[in-house]
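Undergrad: My questions will all concern the structure given below.
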């Protein structure tokens, strides 16, 4: 089968679908190729955190844009994505860690992000349900979390409604280039061979992006990492904030249905294996050291996703030099769900040659070209 | 702690496997979730006013044989996580809130089966039970579930559980078996004859059950089924009807039965969570109850040093479980010692396998069962997900059990899909075997945080 499009998007997760949505809204004829039946990987296998605090400057600006877009998309579609701006609380075990958070708070204020630094007493007063072991915390009231499954499907359905065509069960096998310019791609779908002619390709296939990119000589430094999560039994409201400890490598949030989701351990074992190991479970159970009320609850389920880590844990976004029409959007290092809508809009702006709302030159994939 | 052989499940297969291993001189640990060894078929009484049945006496002997052989029996203990190592298997155990670790060189999985639960209108009303639960309450505690009980479904356990309840003086209003065994048997005369060959005891038990029901005045109807449960706060009755070969209700045959409890039984589903967690190769075999591990003649699974026996390898009953348990025990001994396996009772095995084939021919659920649920019927009672929600997810593109689960939350509650996923499998495409993940049983955060 032969199809033509103005943009072909490889990967129907949050990034690919948000790109498809904003491209289709700009009048582009978009085809999305998705290997599975819908979003099944990191887009839906994450903790659903939507936060702007504790980020690198470019990501902070993207996150601020994303937060506005998440709210707007939920309002526009009328879908309940369980989005809750209950605040994000980054706790600090030691005074030096708290000092570093205070420094970060100043930089955040310069970008228009309001955060508060709480000392030990303030943390006890504001979040008495947390353990008393912390020296303090940084709090961002406008951050929060959503249900990543419902939210990603909302974006997929919005992209479809805007006119993007989704080909599911489609495994992209070749990217076609001619004289340094994208011509299209080939894929297999249910035994059929698909040929898609498109002058622009958006490649947003998470950790699976690098293998296919390598076939056209583009080297992307992506490492798969397992992101394991625990889910508690349902419980009455325990904590409104998304709480994380960088020092303990544990974060947690309570979903709308009452279950507490715990994550924070990223295992790089060189595989795409999503089986949660016992060591990961034992590590994440330490969430009781943050939220003692969790102790009497049971661990009901575990699951894992595969993240695409880059060496600097920042995304690869842009057109690698020498491959016109090829836009890479990968390497989100666990930040893709939150940033998804803003990244999608930025991709649409890049493809259309519009000025980008957020300056993303720092994320250009060529920064690792010498590696 | 470590041992040569760990056996999970102290029913017919597990008791026999552990006894064989311990008799060969291997250190053997047998764990079971229940408070007493015996499993479902040989369930031992906790406190009951009735004298033990012949089956319970037989079970008592099996348990005593295991103790006499030196098996360390740990009841009230569940496996909540497991990992295969190059030199064996690690099991993480929970007993109440106490966690422990067991390292074994070889593992025999004998986890039995769950009853298949089919959602139908009214099935979440108090008073609707599975026949196995009715039997467990009565065998273990002498407690009847109601005063006028309707039994409906398919499989020998339906008849056996109903006959057992009649013994206690409880009124069983009707027993409705969806299959017509005589007609179905006549369609497969050779399988039937072979399956019943030297099964005098089973036939006697079945006929004995039918006779007891008849004496109590309980009609036993074949080709009938229950369509929905009636009642406001609890069961007050049921609508029953004739069903055709596909178990679809026959129009115009519906009538109302008055009862205060309903016991349903739609055969059994192999309990394969531990095998799937470990990554054993699985095959979908509807006639064996669904997903089962692929096993060699020695009952070895695809994983080195991991054996499986009994109903978790395919529904076949206690007789086959005993033989498979013996084979798995012999296989485990050979694996640990490096010696040739001992002689297995192959004639009994062949006889029991023929019966297993007949059981699969007669009692494999038919498509009509999945159609009982109406759009409003709750299919996942933990998360209160209706049939309409699942159908909408399938229509919107969720094709596999995993994606239906993700979109609807069906199967994400405390039962972790044991009840609802077999039903969902019939609504969505089967796909790959559903993933099993730790924890196999809920475990408290505090316990895991303090002792891993």
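Values quoted throughout were computed directly from the atomic coordinates according to the rules given, and no laboratory measurement underlies them. Computed from a predicted structure; not experimentally measured. Here the Cβ is made from the backbone with ideal geometry for all residues, glycine too, and neighbour counts use every protein chain on show.
Undergrad: Above 52 Å lies some portion of the pair distances; for the protein assembly as shown, what is it as a whole percent of all C-alpha pairs? Working shown, then result.
TA: On the way: 76660 of 338253 pairs.
Roughly 23 percent, rounded to a whole number.
Undergrad: How far apart, in nm, are the 7 Å Cα→Cβ label points at residue A:3 and residue A:142?
TA: That separation, rounded to one decimal, is 3.8 nm.
Undergrad: Given points 7 Å out from each Cα along the Cα-Cβ axis, report the residue A:272 to residue B:418 separation in nanometres with one decimal.
TA: For the pair residue A:272/residue B:418, the computed spacing is 3.3 nm.
Undergrad: While we're looking at this one, here's another question. Could you work out how much longer the chain between residue B:302 and residue B:348 gets when fully extended? Use 0.36 nm per residue separation minus the Cα distance between them, nm to one decimal.
TA: Values: separation 46, 0.36 × 46 = 16.56 nm, distance 2.48 nm.
Length gained, residue B:302 through residue B:348: 14.1 nm.
Undergrad: OK, next. Once the Cα atoms of helix B:12-23 and of chain B are each reduced to a long axis, what angle between those two axes, in degrees from 0 to 90 to the nearest 10, is obtained?
TA: On a 0 to 90 degree scale, this one is about 10.
Undergrad: Sticking with this structure for a sec: Among A:9-18, A:159-168, A:74-83, how do they line up from the highest to the lowest mean number of other beta-carbon atoms within 10 Å?
TA: A:9-18, A:159-168, A:74-83
Undergrad: Take every Cα pair under 8 Å in chain B that's 6+ residues apart, average their separations, divide by the length, and report that relative contact order as a whole percent.
TA: Working: 1037 pairs, mean separation 82.0, N = 452.
Relative contact order here is 18 percent.
Undergrad: Quick check: Cα centre of the stretch A:70-142 to Cα centre of the stretch B:330-352, how many Å?
TA: About 63 Å separates the Cα centre of the stretch A:70-142 from the one of the stretch B:330-352.
Undergrad: Over all residues in B:438-444, what is the mean tally of Cβ atoms on other chains that come within 10 Å of each residue's Cβ?
TA: Mean shielding count: 6.
Undergrad: Take residue B:100 and residue A:161, extend 7 Å from each Cα along the Cα→Cβ direction, and tell me the distance between the two endpoints in nm.
TA: 5.7
Undergrad: Here's another thing I want to ask about it. What does the structure give for A:281-291 when I average, per residue, the other chain Cβ atoms found within 10 Å of the residue Cβ?
TA: Numbers: counts 9, 6, 3, 3, 10, 3, 2, 7, 1, 0, 1.
Whole-number average of other-chain Cβ neighbours for A:281-291 is 4.
Undergrad: As an exercise, find the ratio Rg/Rh for chain A from alpha-carbon atoms, using the Kirkwood inverse-distance average for Rh.
TA: 0.98
Undergrad: May I ask for the distance between the Cα centers of the stretch A:241-301 and the stretch B:105-183, given as a whole number of Å?
TA: 40
Undergrad: Work out the P(r) tail for the stretch A:77-226: percent of alpha carbon pairs separated by more than 20 Å, whole number.
TA: Details: 7713 of 11175 pairs.
Distances greater than 20 Å cover 69 percent of the Cα pairs.
Undergrad: Just to confirm the number: angle between the C-alpha axis of helix B:131-141 and the first principal axis of chain B, 0 to 90 degrees, nearest 10?
TA: 60
Undergrad: I've got another one for you. Would you mind checking the tilt of helix B:156-167 against the longest principal axis of the Cα atoms of chain B, expressed as 0 to 90 degrees and rounded to 10?
TA: Helix B:156-167 sits roughly 80 degrees off the main axis of chain B.
Undergrad: Right, next: Using per-residue counts of other Cβ atoms within 10 Å, averaged over each peptide, order A:149-157, B:346-354 from highest down. The partial results should precede the final answer.
TA: Values: A:149-157: 24.8, B:346-354: 16.1.
Descending packing order for the listed peptides: A:149-157, B:346-354.
Undergrad: Sticking with this structure for a sec: Using a 10 Å cut-off around each Cβ of peptide A:293-304, what is the average number of partner chain Cβ atoms that fall inside? Spell out each step's value before the answer.
TA: Values: counts 1, 4, 7, 5, 4, 13, 12, 9, 9, 4, 3, 1.
Mean shielding by partner chains, rounded to a whole number: 6.
Undergrad: Also, quick follow-up: Starting with the highest mean, order B:283-289, A:259-265 by the number of other Cβ atoms within 10 Å, averaged over the residues of each peptide.
TA: Working: B:283-289: 16.9, A:259-265: 24.7.
Per-residue Cβ counts within 10 Å, averaged per peptide and sorted highest first, yield A:259-265, B:283-289.
Undergrad: Further question: Which whole-number percent gives the relative contact order of the stretch A:240-371, counting Cα pairs below 8 Å spaced six or more residues apart? Please list the in-between numbers first.
TA: Values: 137 pairs, mean separation 21.1, N = 132.
The normalised contact order for the stretch A:240-371 reaches 16 percent.
Undergrad: Run through the DSSP bridge list for the protein assembly as shown and note the antiparallel percent, rounded to the nearest 5.
TA: Working: 89 of 146 bridges.
In the protein assembly as shown, DSSP labels about 60 percent of beta bridges as antiparallel.
Undergrad: So what's the gap between the Cα centers of the stretch B:1-26 and the stretch A:24-52, to the nearest angstrom?
TA: Going from one Cα centre to the other spans 50 Å.
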